[in-house]
Each structure stands twice: as C-alpha cells, then as structure tokens.
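J.: Take this structure first; my questions come after.
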Amino acid sequence: MEDYDERIKNYNQKIKEYNERVTKYFQESAESNQKFPADPEYREKFCPNCGIKKVISTDKYCSACSARLGA
C-alpha cells in the first residue's frame, strides 16, 4: 500500500509541474503576442470556393484555387 501511495504522490507532483510549465508557456505566449501584433497588411478575404483565407490585402485572386476574392 505504501508503494501505491508513493506512486500517487509522484504522479500528483508530475501533474503539478506540468501545469506550471503550461501556465508559464501561455503567459509567455500572451506577452509575445502583445509585443508583436499581427501584421496589418494581412487580413481575411472571402474566397467563394475555399471559404475565408488569410491573404495580403492587395491580392485579388485566391492563391489556392485562383478564384476572384471578394471584399
């Protein structure tokens, strides 16, 4: 029974460490996103064949299917 308790204790410790690493990663990611916002030259345009694609705002045709892009 002591062996089982020890394994559960180790497992809980590993889960706690994992949760701390994940939290730290997402905090750093959020800080990075604030420092480097999305490029304003890119925006979403509607492609009638593919759906919404993220393209350069000056593009007039879809790079995937060559259909004319809507506004």
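Where a number appears in this text, it was derived from the coordinates with a stated rule and is not lab data. Not measured: the values here are computed from a predicted model. Ideal geometry is used to build each Cβ from the backbone, glycine not excepted, and the neighbour counts take in all protein chains shown.
J.: By counting other Cβ atoms within 10 Å of each Cβ, how are T58, T23 ranked from fewest to most?
T.: T58, T23
J.: May I ask you to evaluate 6.51 cos²θ - 1.76 cosθ + 1.60, the Karplus curve with θ = phi - 60°, for each residue of the range 6-22 and list the ³J(HN,Hα) values in order in whole Hz, giving x for glycine and proline?
T.: 5, 5, 5, 4, 5, 4, 4, 5, 5, 5, 4, 5, 4, 4, 5, 5, 5
J.: Whole-Hz ³J(HN,Hα) for each residue in the range 60-67, computed from phi via Karplus 6.51 cos²θ - 1.76 cosθ + 1.60 with θ = phi - 60°, x for glycine and proline: what do you get?
T.: Going residue by residue, I get 10, 10, 5, 6, 7, 10, 6, 7 Hz, with x marking Gly and Pro.
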